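**Q** Okay, here's the structure, questions in a sec.
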Amino acid sequence: MTDRDKQKLKNQVAIIGAWIVAGLFFFPIFWLFLTSFKTELQAISDPPKLFFVPTLENYALIEERTDYFRFAWSSIVTSFGGTALAMFIAIPAAYAMAFNPTRWTKDILLWMLSTKMLPAVGVLMPIYLICQKFGLLDTKLALVIIFALINLPIIIIILFNYFREIPVEILEASRMDGASTFNEITQVVLPLAWGGIASTALLSIVLLWNEAFWSINLTSSDAGTLVSLVASFSSPEGLFWAKLSAVSTLACAPIMVFGWLTQKQLVRGLTFGAVK
Amino acid sequence: MAGVTITNVSKSYGDIQVMYDINLEISDGEFVVFVGPSGCGKSTLLRMIAGLEEITSGDISIGDRVVNEVAPSKRGVAMVFQTYALYPHMSVFNNMAFGLKQAKTPKQEIDKRVRAAAEVLHISEYLDRTPRALSGGQRQRVAIGRAIVREPDVFLFDEPLSNLDAALRVQTRLEIARLHNRLGSTMIYVTHDQVEAMTLADKIVVLRDGRIEQVGTPIELYENPANTFVAQFIGSPKMNFFGSDDLTDTSQESFKNIDGEKIIGIRPEHLQACEDDKSMIKGKLELIEQLGEYALVHLIAESGNEFIVKMPQPPKAAKGETLNFSTQDNLVHYFDHGSGARSV
Ligand SMILES: Nc1ncnc2c1ncn2[C@@H]1O[C@H](COP(=O)(O)OP(=O)(O)O)[C@@H](O)[C@H]1O
Ligand SMILES: [Mg+2]
């Protein structure tokens, strides 16, 4: 076997390996999708059924029992709104830290990240009470604010890394040209970091769409998101796997389509600006 | 139009001091070059004039206004960066127009000035391109154009040629000199290259470790270097230094001042081959660099000291052979052995 053949073989093995791993990751989603077309009895049959006569009765039931579009609208408003609010705060913050660093900048970033390490349930009580006092329980506004806050650290850190790739001389040149800080950000920094900002925003939207803890705990009927809708379908008794699968499929579908359409940008965001 | 006055300026980054008590007078319309080895503080000084770096203590005035607290764009200065620092997402036109737009200059005026500058710099046909689609030399012109359109009193250049290849460097150097003649503005130019300094400057400021070593016209620095550092930095190849033990005959008129406390400097172009009886310095031939127009002859003196002689013709001698050299009295420089300062 020549070296080139060996290399080819290695590549093929690697490709097959990658497909297997991808398959393993994808399988639960596939099974979820499949189960959503089964009857409740088929869903728990042992051995599991791969072939069956599909039924739409689960979807029909969901349509009957709930208002899917209201939940979907709530998910859209809170994930996009939370991201927009977070961006509004994160862009100036990341700008300040990237271009006017002090010797505490690194520590501040680390401290911000460390807030993500605390279990959210630790602050459930105070936040619940604050929302209650301000009449924000079960409102989209409360979720938008909390979503913005929980994603803020990670967004600032990603933007910080993107901004640091901009040569500081370019900003100095704009300062010599008389650009105000606002113009410097809007006319120089944002256009140059546009790809990074877009992918960071996409990532944030996906994360917020799937956020469960706060949306389940702070909302009920009015501002409930798709995730909380899913949760409401798991009941302590009776058979619910097929219905749960159907509602989960409905909850995942929009964001999966969204992710698929924007995958190029998303991958860039996830590699933290390693790709210029 | 304005000169620049720097009075008792020091600069520290935290506890680390990088500039010490700089005093300098730059007249209106003068072309001043800051030169010195890497890390000596040239850029820091320039950036303090630009307003990009805070002044730790002392004052900088442009015209008759102290500008310590004035924003960069309000100082009447424009800067050309080593990395060009063009706005990558804007067309060449918009790169040049950016500053004027910030100043809310009328559109027609912007258009007129940008086109005029582009004409001068031969970049008119690239106005719609982005910097990405330009060569290094063209980008440099755009960077210069961006400075010109703002019609500053003082131009600041930070090693503007160091990213260009050798041929383009010579050409652009000439164009900067022409630009200075035409505009008559004050220009401050930073470089580590003494050839650029010698060819461009009305006045050279030699810096070392955050201090000014000497200020003078190119010819003053060449003929009367204040110390061994300046002597070695200005001129190529570097000035040769000799101790008294290198000299064949210290009784000669040229060397009447020499003693153990002094070192002697003689430029490579000021040594001539001569007969044995007139010899001032002997050296063993080590290597000849033939450059066509002249030859650089590398020799080793008896003490082991290496020196170079620039000769119109390479000597017809074999490696290891001893050659004799002499010079004229007025071309010999004396320096204090300890401090390196010029003596006599
Ligand atoms: N932001 C900074 N923080 C600390 N030291 C700096 C900073 N910028 C420059 N220096 C130091 O100041 C000195 C002068 O730097 P610089 O002006 O860039 O030198 P040059 O342009 O002559 O090569 C160097 O020793 C450099 O390490
Ligand atoms: Mg420098």
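**Q** Please label the shape of the range A:164-220 as rounded, prolate or oblate, based on the square roots a ≥ b ≥ c of the eigenvalues of the alpha-carbon gyration tensor (a/c under 1.5 means rounded; beyond that, a/b larger than b/c means prolate, else oblate).
**A** Working: a/c = 4.79, a/b = 3.01, b/c = 1.59.
Note, shape of the range A:164-220 comes out prolate.
**Q** Extension gain A:Glu165-A:Phe33, at 0.36 nm per residue separation less the Cα-Cα distance, in nm?
**A** 43.3 nm
**Q** Okay, next question. Return the FRET efficiency for the residue pair A:Lys264, B:Asp276: r is the Cβ-Cβ distance, R0 is 56 Å, and the value is rounded to the nearest 0.05.
**A** Here the calculated transfer efficiency is 0.10.
**Q** Right, something else. Among residues other than B:Leu164 whose Cβ falls under 12 Å from its Cβ, what is the net charge (Lys/Arg +1, Asp/Glu -1)? Could the numbers behind the result be given before it?
**A** Details: positive: B:Arg139, B:Arg141, B:Arg169, B:Arg173; negative: B:Glu159, B:Asp165, B:Glu175, B:Asp193, B:Glu196.
Once all neighbours under 12 Å are counted, the net charge is -1.
**Q** Consider just the alpha-carbon atoms of the protein assembly as shown and return their Rg together with their Dmax, both in angstrom.
**A** 36.3, 119
**Q** I've got another one for you. Taking amide H positions as placed in the peptide plane 1.01 Å from N, state which residues far from B:Arg208 in sequence (5 or more) or on other chains have amide H under 5 Å from it.
**A** The answer is B:Glu213.
**Q** Straight distance only, please: which lysines reach the Cα of A:Lys49 with their own Cα at less than 20 Å, same-chain residues fewer than 8 apart left out?
**A** A:Lys38, A:Lys243
**Q** Cross-link candidates for B:Lys203: which lysines have Cα within less than 30 Å, leaving aside residues fewer than 8 places away along the same chain?
**A** Straight-line reach from B:Lys203, under 30 Å: B:Lys11, B:Lys42, B:Lys74, B:Lys238, B:Lys262, B:Lys310.
**Q** Each residue of the range B:21-35 in turn: what ³J(HN,Hα) in whole Hz from Karplus with 6.51, -1.76, 1.60 and θ = phi - 60°, glycine and Pro shown as x?
**A** For the range B:21-35, the Karplus curve yields 6, 8, 10, 7, 10, 10, 7, 4, x, 7, 9, 10, 10, 8, 10 Hz.
**Q** May I ask you to evaluate 6.51 cos²θ - 1.76 cosθ + 1.60, the Karplus curve with θ = phi - 60°, for each residue of the range B:279-286 and list the ³J(HN,Hα) values in order in whole Hz, giving x for glycine and proline?
**A** Listing the rounded values in order: 4, 9, 9, 10, x, 8, 5, 10 Hz.
**Q** Additional query: Return the percentage of antiparallel bridges among DSSP beta bridges fully within the protein assembly as shown, rounded to the nearest 5 %.
**A** Bridges in the protein assembly as shown that DSSP calls antiparallel: roughly 70 percent.
**Q** Taking all pairs of different Cα atoms in the range B:128-236, averaging 1/r and flipping that mean, what Kirkwood radius in angstroms comes out?
**A** Taking every pair of different Cα atoms in the range B:128-236, averaging 1/r and inverting gives 15.3 Å.
**Q** Classify the range A:84-133 from the C-alpha gyration tensor, please: rounded if a/c falls under 1.5, else prolate or oblate depending on whether a/b exceeds b/c.
**A** oblate
**Q** Separate question: Nearest 100 Å² is fine: how much accessible area is buried between A and B, summed over both sides, with a 1.4 Å probe?
**A** Result for this pair: about 1500 Å² buried.
**Q** Taking a virtual spin label 7 Å from the Cα of B:Ser57 along the C-beta vector, which residues in the range B:12-28 bring their backbone nitrogen under 17 Å of it?
**A** B:12-24, by backbone N distance to the label point.
**Q** Okay, next question. With all protein chains present, calculate the accessible area of B:His180 using a 1.4 Å probe and round the result to the nearest 10 Å².
**A** The value for B:His180 is about 20 Å².
**Q** Suppose R0 equals 25 Å. What FRET efficiency, 1/(1 + (r/R0)^6) with r the Cβ-Cβ distance, do A:Leu149 and A:Trp104 give to the nearest 0.05?
**A** Values: r = 21 Å, r/R0 = 0.85.
That pair, A:Leu149 with A:Trp104, gives E of 0.70.
**Q** Something else now. Using only the Cα atoms of chain A, what do you get for the radius of gyration and for Dmax, in Å?
**A** Every Cα atom of chain A included, Rg and Dmax give 23.2, 75 Å.
**Q** Follow-up. Defining a contact as two alpha carbons under 8 Å apart and six or more residues distant in sequence, what relative contact order in percent does chain B show? Working shown, then result.
**A** Numbers: 682 pairs, mean separation 56.2, N = 344.
Once divided by the residue count of chain B, the mean separation gives 16 percent.
**Q** Of the options B:Pro268, B:Met311, B:Leu24, report the single residue whose Cα projects farthest towards the positive end of the charge dipole of chain B (beta-carbon charges: Lys, Arg +1; Asp, Glu -1).
**A** B:Leu24
**Q** Among the chymotrypsin sites (Phe, Trp or Tyr not before Pro) within the range A:62-166, which fall in a DSSP loop and have no more than 14 other Cβ atoms within 10 Å of their own Cβ? Spell out each step's value before the answer.
**A** Numbers: sites: A:Tyr68, A:Phe69, A:Phe71, A:Trp73, A:Phe80, A:Phe88, A:Tyr95, A:Phe99, A:Trp104, A:Trp111, A:Tyr128, A:Phe134, A:Phe147, A:Phe160, A:Tyr162, A:Phe163; in loops: A:Trp104, A:Phe134.
Of the chymotrypsin sites (Phe, Trp or Tyr not before Pro), the ones in loops of the range A:62-166 whose Cβ has at most 14 other Cβ atoms within 10 Å are A:Trp104, A:Phe134.
**Q** Here is a follow-up. What is the distance in Å between the Cα centres of the range B:97-146 and the range B:13-54?
**A** After rounding, the separation between the Cα centres reads 28 Å.
**Q** Quickly estimate the mean residue ellipticity at 222 nm for chain B, helices only: each DSSP H run with n ≥ 4 gives -39500 (n - 2.57), and the total goes over all residues, rounded to 500. Don't skip to the answer; put the middle values down first.
**A** On the way: 8 runs with 84 residues, N = 344.
Per the formula, -7500 deg cm²/dmol.
**Q** Further question on the same structure: Treating only the Cα positions of the range B:18-90 as identical point scatterers, give the base-10 log of I(q)/I(0) from the Debye formula at each q in 0.12, 0.20, 0.22, 0.24 Å⁻¹.
**A** -0.37, -1.01, -1.20, -1.37
**Q** Run the helix sum for chain A: -39,500 (n - 2.57) per DSSP H stretch of 4+ residues, divided by residue count, reported at 222 nm to the nearest 500 deg cm²/dmol.
**A** Helices in chain A give a 222 nm mean residue ellipticity of -22500 deg cm²/dmol.
**Q** For helix A:194-209, report the angle its Cα long axis makes with the longest principal axis of the Cα atoms of chain A; keep it between 0 and 90° and round to the nearest 10°.
**A** Here the helix axis deviates by roughly 30 degrees.
**Q** What percentage of the solvent-accessible surface of chain A, computed with a 1.4 Å probe over protein heavy atoms, is contributed by carbon and sulfur atoms? Walk me through the numbers on the way to the answer.
**A** On the way: 11290 of 15820 Å².
Answer for chain A is 71 percent, counting heavy atoms of protein chains only.
**Q** Ok, one more. Over the alpha-carbon set of the range A:1-131, divide Rg by the Kirkwood Rh and report the Rg/Rh ratio to two decimals. It would help to have the intermediate numbers written out before the result.
**A** Working: Rg = 25.0 Å, Rh = 21.5 Å.
Radius of gyration relative to Kirkwood radius: 1.16.
**Q** Which residues belonging to the range A:157-176 lose at least 50 Å² of 1.4 Å-probe accessible area when the assembly is complete, relative to their chain isolated?
**A** Residues meeting the cut-off: A:Glu169, A:Ile170, A:Glu172, A:Met176.
**Q** Two decimals is fine: what's Rg over Rh for the range A:155-276, C-alpha atoms, Kirkwood radius as Rh?
**A** Rounded to two decimals, Rg over Rh is 1.18.
**Q** For the range B:78-176, run through the trypsin sites (Lys or Arg not before Pro) and keep only the ones in DSSP coil with at most 16 other Cβ atoms within 10 Å of their Cβ.
**A** Within the range B:78-176, the qualifying trypsin sites (Lys or Arg not before Pro) (loop, at most 16 other Cβ atoms within 10 Å) are B:Lys104, B:Arg129.
**Q** I've got another one for you. From largest accessible area down, sort A:Ile154, A:Ile16; use a 1.4 Å probe on the protein chains.
**A** A:Ile16, A:Ile154
**Q** Which of the residues in the range B:66-100 lose at least 50 Å² of accessible area when you go from the chain alone to all protein chains together (probe 1.4 Å)?
**A** Buried on complex formation: B:Phe81, B:Tyr87, B:His89, B:Phe98.
**Q** Also: If chain B were replaced by its equivalent ellipsoid, with semi-axes equal to the square roots of 5 times the Cα gyration tensor eigenvalues, what would those be, largest first, whole Å?
**A** 46, 24, 15
**Q** Convert each backbone phi in the range A:89-98 into a coupling constant with the Karplus relation 6.51 cos²θ - 1.76 cosθ + 1.60 (shift: θ = phi - 60°), then list the ³J(HN,Hα) values in order as whole Hz, x for Gly and Pro.
**A** 3J(HN,Hα) across the range A:89-98, in whole Hz: 8, 6, 4, x, 5, 5, 4, 4, 6, 6.
**Q** If the label point is 7 Å along Cα→Cβ of A:Trp73, which residues in the range A:115-142 have backbone nitrogen under 20 Å from it?
**A** A:136-142
**Q** Under the rule of at least 5 residues apart or a separate chain, name every residue whose amide H is placed under 5 Å from the amide H of B:Lys262.
**A** B:His337
**Q** Please go through the range A:123-223 and write out the GluC sites (Glu not before Pro) that DSSP classes as loop and that have at most 13 other C-beta atoms within 10 Å. Working shown, then result.
**A** Working: sites: A:Glu165, A:Glu169, A:Glu172, A:Glu184, A:Glu211; in loops: A:Glu165, A:Glu211.
In loop regions of the range A:123-223 (DSSP not H, G, I, E or B), the sparsely surrounded GluC sites (Glu not before Pro) are A:Glu165.
**Q** Let me ask another. Rounded, prolate or oblate, given the Cα gyration tensor of the range B:240-336, with a/c below 1.5 counting as rounded? Each step should come with its number before you reach the end.
**A** Working: a/c = 1.82, a/b = 1.67, b/c = 1.09.
Taking the square roots of the gyration eigenvalues as a ≥ b ≥ c, the range B:240-336 is prolate.
The values are calculated or read from the model by the stated rules, or taken from the named source; none is laboratory data. All figures in this text were calculated on a predicted structure; none of them were measured in a lab. Using ideal geometry, Cβ is built from the backbone for each residue, glycine included, and neighbour counts are taken over all protein chains shown. Just the protein is used for accessible areas: all its heavy atoms, side chains included, with ligands, DNA and RNA removed. Shrake-Rupley method; radii C 1.70, N 1.55, O 1.52, S 1.80 Å.
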